[in-house]
Amino acid sequence: QVQLVESGGGLVQAGGSLRISCAASGRTDNIRHMGWFRQAPGKEHEFVTAIYWSGGATYYTDSVKGRFTISRDVAKNTGYLQMNSLKPEDTAVYYCACTRSILPKNLYSAATYEYWGQGTQVTVSS
């Protein structure tokens with residue numbers, strides 16, 4: 001079992017920056033990819049970004065490319081999402097999630113992810 005705890009969410013003005021973290025514990029050797037999804041009130045979950053835990057390859061949804069950066073510190077079992085040039089449309093609960101499959105078929109699908117955190121609220125004011 002892998003436990004994930006997000007932190008660092010909060011309120012920020014449009015154009016500002018925020019870094020949120022995802023601390024993993026338990027059987028962290030099971031982590032293959034770490035990803036971030038977000039969900040705004042009344043809307044479906046949306047894939048944001050993911051990183052291959054071992055090799056560091058990254059994946060982003062088009063709406064955040066050039067603004068968000070995913071990273072991880074394997075030794076600390078912690079992932080990070082640096083969010084710059086934030087927009088009101090980025091307002092959502094951000095969830096950290098991890099896959100354990102060596103070759104996940106679709107990193108953009110929530111069903112691919114085995115472990116989930118509780119979420120952290122990010123609010124961007126206009």
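Rounded to the nearest 20, the size of the Cβ-charge dipole of the chain about its Cα centre is 200 debye, with Lys and Arg at +1 and Asp and Glu at -1. Taking a quarter of the surface of the Cα convex hull of the chain gives a mean projected area of 7.0 nm². Between residue 67 and residue 101, the simple label model (points 7 Å from Cα in the Cβ direction) yields a spacing of 2.9 nm. For the chain, the Cys residues with no second cysteine's beta carbon closer than 4.7 Å are 98. The value of relative contact order for the chain, using C-alpha pairs under 8 Å at least six residues apart, is 35 percent.
In this simple spin-label model, placing a label point 7 Å from the Cα along the Cα-to-Cβ direction at both residue 125 and residue 13 gives a separation of 0.9 nm.
Taken together, the values in this text are just the output of simple stated rules run on the coordinates, not laboratory data. Quick caveat: nothing in here was measured; it's all calculated off a predicted structure. Every residue, glycine as well, gets a Cβ built from its backbone with ideal geometry; the counts of neighbours run over all protein chains shown.
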